[in-house]
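A short write-up of the structure that comes next.
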Amino acid sequence: MKFKDYYAILGVYRNASADDIKKRYRILARKYHPDVSKEPDAEKRFKEVAEAYATLKDAEKRAAYDQLGARRPGEDFRPPPEWSTQFGDGHAAFDEMDFADLFAGLAGRAGHGRRSGQRGPAAAMRGQDYEVTVPITLEDAHHGTEVSLDLSTTEFDGRGAPRRVGKRIKARIPKGPTDGQVLRLPGQGGKGINGGPDGDVYLNIVLRPHRLYRVSGRDLFLDLPLAPWEAALGAAVEVPTLAGPVNLKVPPGTRAGRQLRLAGRGLPKPEGGAGDLHAVVQIVLPSTLTEREKALYGELAAASTFDPRQHFG
Amino acid sequence: MASDFCDALWPEEHRRIPLRELADLSGLSEAEVVALVEYGALAPAGTTAEQWVFSVSSISVARAARRLGEEFALEPHAVALLLAYLDRIRELEAQLRAVQARGVFPP
């Protein structure tokens, strides 16, 4: 096992007070937390300082850490022999742990954390919940989909020894989630301790950007390019929807920016029904005009009395 | 053949959650949940803590509170204030997305 110098990671002396450690952690969390940091290695650095703080903020864990004495970071070491009785059957238990697990395990054995039932050495505790961000396409949100998730969880054996466990979860996402929707996989999180219930996994759904549609709640917006003559004279055009193409009637005299609504062609609602699809009209010209087209536009310009800038006065 | 996929569930909108269960589900202590109520981050129905029941949406608020409190080492008052600002940001982001979706200010 490689030693980590938690005091050096936080940049405090070994005899720093609890208040000084908290103050220093707050400064580093503000600097490296991925939600607010612009540092290139923010996530890695934040994990390091959070791991150090998780041990040093807790008097019991800090005392256990201090028992290890001052060592060089990265130095190979073996925890004191008497610790092995707390962490399972003999030294082999240490081989499956990483450094942070040594101290995380102290919380479980002391009955801290999320209780379910009575407190005490054998108190039942609910397993850890996990949150996972799940990006899906609009097509997935429309039809429903299946995803595989890889989690790294910490489990405790009957004697309270923690170990890292890789876990693959296959989840079926129902149709109709919106951006930011939270779904729950009951009982798929960390194992309960001493008979406590297993934790849950929360799925934070993120809708990936789509090349055609923009999303607002369960409504979709699609730019609908029309030729000037289609807008002027009206037309029947084919419009793509998530359920396949449909025909849309464009009324004569349709202006740019007008929204033509296709009811129920947006994202489905879990209780039934669906949002709408709005086709936003754009009037577009060919990038080059043929001589014939130029001539026809010229004829139209000569014949028309339309003044699009009349309101300028 | 039985599928090895498990179903992701929608939030149970009509479920009401007592204080102790909310603490258990969020990883907060009951005292921390009470503090979040006092500072306005959570709004249960019921007059006394024993009678309080929380909506399902309170779970994600309480979980966010635990995460913020832990990861930034913040006191409940600061967490409640931060949650209010985050809520406002989410509201404005949703409005911005709606405006962008309509093509007024393309993203």
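Derivation of every value follows stated rules applied to the coordinates shown; laboratory data play no part. Keep in mind it's a predicted model, so treat the numbers as computed, not measured. Methodologically, a virtual Cβ is constructed for each residue, glycine included, from the backbone with ideal geometry; neighbour enumeration extends over all protein chains shown.
In table form, for the structure just shown:
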read-out	value
Any hit, the stretch A:282-294, residues being part of a strand (DSSP E or B), free of Cβ contacts under 8 Å to residues at least 60 places away in the same chain and of a type outside the set (Asp, Glu)	yes
Residue check for B:Glu93: within 11 Å of chain A (Cβ to nearest Cβ), of a type outside the set (Phe, Trp, Tyr) and within 15 Å of the chain's Cα centre (by Cα)	no
Close pairs (6 angstrom Cβ cut-off, 6 or more residues apart or separate chains): more than 12 Å from every other protein chain (Cβ to nearest Cβ) in the stretch A:32-59, of a type in the set (D, E, K, R) anywhere	A:Thr55/A:Lys61
Flag for A:Val206 being β-branched (Val, Ile, Thr) and farther than 30 Å from A:Gly189 by Cα	no
Tally of residues being crowded, with 17+ Cβ neighbours inside 10 Å and either more than 30 Å from B:Ala23 (Cβ to Cβ) or more than 13 Å from every other protein chain (Cβ to nearest Cβ) (or both) across the stretch A:129-141	4
Within chain B, helices (runs of 4 or more DSSP H) holding 2 or more residues that are closer than 20 Å to A:Asn204 by Cα and out of contact with any Cys (no Cβ under 6 Å at 6 or more places or on another chain)	B:19-26, B:57-72, B:76-101
Test set (1) out of contact with any Pro (no Cβ under 9 Å at 6 or more places or on another chain); (2) crowded, with 19+ Cβ neighbours inside 10 Å; (3) in a strand (DSSP E or B) - A:Pro225 fails condition number	(2)
Qualifying positions in the stretch A:142-198 - at the interface with chain B (Cβ under 9 Å from one of its Cβ atoms), surrounded by fewer than 19 Cβ atoms within 10 Å (Cβ to Cβ) and at positive phi	A:Gly180, A:Gly187
Residue selected from the stretch A:199-211 under the condition farther than 20 Å from B:Arg67 by Cβ and within 12 Å of another protein chain (Cβ to nearest Cβ), by the criterion surrounded by the fewest Cβ atoms within 10 Å (Cβ to Cβ)	A:Pro209
Any chance B:Ala62 is within 14 Å of chain A (Cβ to nearest Cβ), within 12 Å of the chain's Cα centre (by Cα) and touching a residue at least 24 places away in the same chain (Cβ under 8 Å)	yes
